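Worksheet: the structure to be examined is printed underneath.
FYI, it's all coordinate maths here, none of it is from the lab. None of the values given here were measured: they were computed from a predicted structure. In this analysis, Cβ positions are derived from the backbone assuming ideal geometry, glycine residues included, and neighbour counts consider all displayed protein chains.
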Amino acid sequence: MNARTHDLGATDVGRGADGPALRSGRRPDPRIARLVAEALGGARDVLNVGAGAGSHRRPARAAGPAAPSGSAHARRPALLPRAVDAAAEDLPFSDGEFDGAMSLFSVHHWNDPAAGLREVRRVTRGPVVVLTRAPERVRDFWLYGYAPEVLDIEARRHPPVRALTAALGGTVTVRTVPVPLDCTDGFDEAYYGRPEMLLEPAARQAYSAWSFVDDGVRERFDRTLRGDLASGAWDRRFGHLRTLPAYEGSLVVVRATP
């Protein structure tokens with residue numbers, strides 16, 4: 001496919017506590033990215049809102065890019081084209097200018113997600129695809145038993161899926177995204193069957209929710225999980241996840257057409 005992607009980094013995306021997260025540990029997983037590409041269908045001229053440092057840019061649909069403001073722009077790989085810097089709530093494009101649009105792991109950073117998605121819908125004549133997390137499912141993950149503060153923060157940060165679908169309008173489908181066991185993108189559920197990975201500070205730093213909790217939470221998590229792994233308590237409760245090919249948790253793709 002010879003699609004053309006215009007990456008736009010909203011000014012309220014990719015700054016502050018998410019800086020370290022975008023620098024390390026967040027490599028797009030090709031299987032997840034493939035689902036995004038499929039949801040975009042035949043769209044050839046695609047707007048990527050909140051492109052940031054480039055994580056989860058749509059594969060197999062090469063293209064020009066753009067990114068968020070400030071340090072996130074600086075972190076974009078040199079091979080990517082210059083980003084357009086704008087706010088999601090006020091896009092500098094005309095009505096129906098794009099065949100499709102996508103927002104990948106970014107709507108929860110926007111100042112007003114509903115207004116931003118209405119703008120994305122305005123400038124897009126085809127499908128709008130949003131990769132996000134359903135906040136009501138975030139606490140179902142085993143991590144909640146070890147670091148509830150982290151997942152409480154994550155659940156509060158993400159807007160309800162029903163609010164996203166209402167803002168987009170039209171015909172909307174919501175699909176749960178299976179997270180593969182060897183997922184390369186370092187958000188919490190990517191390690192559902194590899195708990196030892198979350199004992200590595202670098203893995204936690206790649207996931208921005210950890211930056212909002214204090215050292216006491218991180219130390220308690222490390223101590224408790226390390227102890228349960230040594231005693232076998234984690235495996236007695238969750239050991240089946242070590243061989244589960246994919247985990248269906250809070251990650252979803254929202255697809256809306258006019």
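Some points to look at:
- Residues in the stretch 114-142 that are under 20 Å from Y207 (Cβ atoms) and under 18 Å from the mean Cα position of the chain (by Cα): V130, L131, T132, R133, A134, P135, E136, R137, V138, R139, D140, F141.
- Long-range neighbours under 7 Å by Cβ, at least six apart or interchain, first residue under 15 Å from L143 (Cα atoms) within the stretch 229-258, second part of a loop (DSSP other than H, G, I, E, B) and small (G, A, S): L241/G193; R242/G193; S250/A134
- Which listed residue, of S208, S231, S250, is among the small types (G, A, S) and exposed (fewer than 14 other Cβ atoms within 10 Å of the Cβ): S231
- In the stretch 142-182, the residues that are in contact with a strand residue (DSSP E or B) (Cβ under 6 Å, 6 or more places away or on another chain), of a type in the set (A, V, I, L, M, F, W, C) and outside any helix (DSSP H, G or I): V172, V174, V177, V179
- Per-region count, the stretch 115-141, residues surrounded by fewer than 17 Cβ atoms within 10 Å (Cβ to Cβ) and closer than 27 Å to V213 by Cα: 3
- Selection count where residues are part of a helix (DSSP H, G or I) and either closer than 20 Å to R236 by Cα or without any contact (Cβ under 8 Å) to a residue 40 or more places away in the chain (or both), scope the stretch 191-207: 8
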